[in-house]
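Taking it in order: structure first as structure tokens, then the write-up.
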Amino acid sequence: MEKEKEVIERQLNSFAKEGKVKGDWETVYPKFDGGEAGGGALEKAADEIEEYEKLLSLENVLEKRLSEIKRALEKIERGNYGLCEKCGKEIELERLKAVPETRFCQKCKR
């Protein structure tokens, strides 16, 4: 999980910056070269907006995933990793292998 955390942080750093609130990232508005042939200011603006929307969506997905991984790593440090947050029982090994950052056992997930 530590490696995946680092990969996600690198991905986020490639198009976003850490916000003022811990764990919150802010997508940097893309700047396209205005010197391309053809097209105009409106097309350039439309391309910038489209790219920004894609990056915002990706930021949200990566930010959520990073938060889940950090929570799991903290649980490992505290010694309560693998315990269901709802019922307190051990989470099934197969489930932890499939989704290491899971917070709930199969029964409580439903």
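The values are calculated or read from the model by the stated rules, or taken from the named source; none is laboratory data. This is a predicted model, so every value here is computed, not measured. Ideal geometry is used to build each Cβ from the backbone, glycine not excepted, and the neighbour counts take in all protein chains shown.
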Among helices (runs of 4 or more DSSP H) lying entirely in the range 12-110, which contain 1 or more residues that are within 20 Å of E2 (Cβ to Cβ)?
41-78, 93-98
Could you check, for the range 34-54, whether at least one of its residues is surrounded by 14 or more Cβ atoms within 10 Å (Cβ to Cβ), within 12 Å of the chain's Cα centre (by Cα) and touching a residue at least 12 places away in the same chain (Cβ under 8 Å)?
no
Tell me the residue from G88, G19 that is on the phi < 0 side of the Ramachandran plot and not aliphatic (A, V, I, L, M), please.
G19
Among (1) at pLDDT 80 or above; (2) touching a Lys or Arg at 6+ places or on another chain (Cβ under 9 Å) - the single one G34 does not satisfy
(1)
Breaking point among (1) in contact with a helix residue (DSSP H, G or I) (Cβ under 6 Å, 6 or more places away or on another chain); (2) free of Cβ contacts under 8 Å to residues at least 60 places away in the same chain, for E101
(2)
I'd like the residue in the range 1-30 that is under 18 Å from E74 (Cβ atoms) and among the aliphatic types (A, V, I, L, M) and, out of all such residues, is surrounded by the most Cβ atoms within 10 Å (Cβ to Cβ).
I8
Quick check on the range 92-105. Is at least one of its residues surrounded by 14 or more Cβ atoms within 10 Å (Cβ to Cβ) and among the acidic types (D, E)?
yes
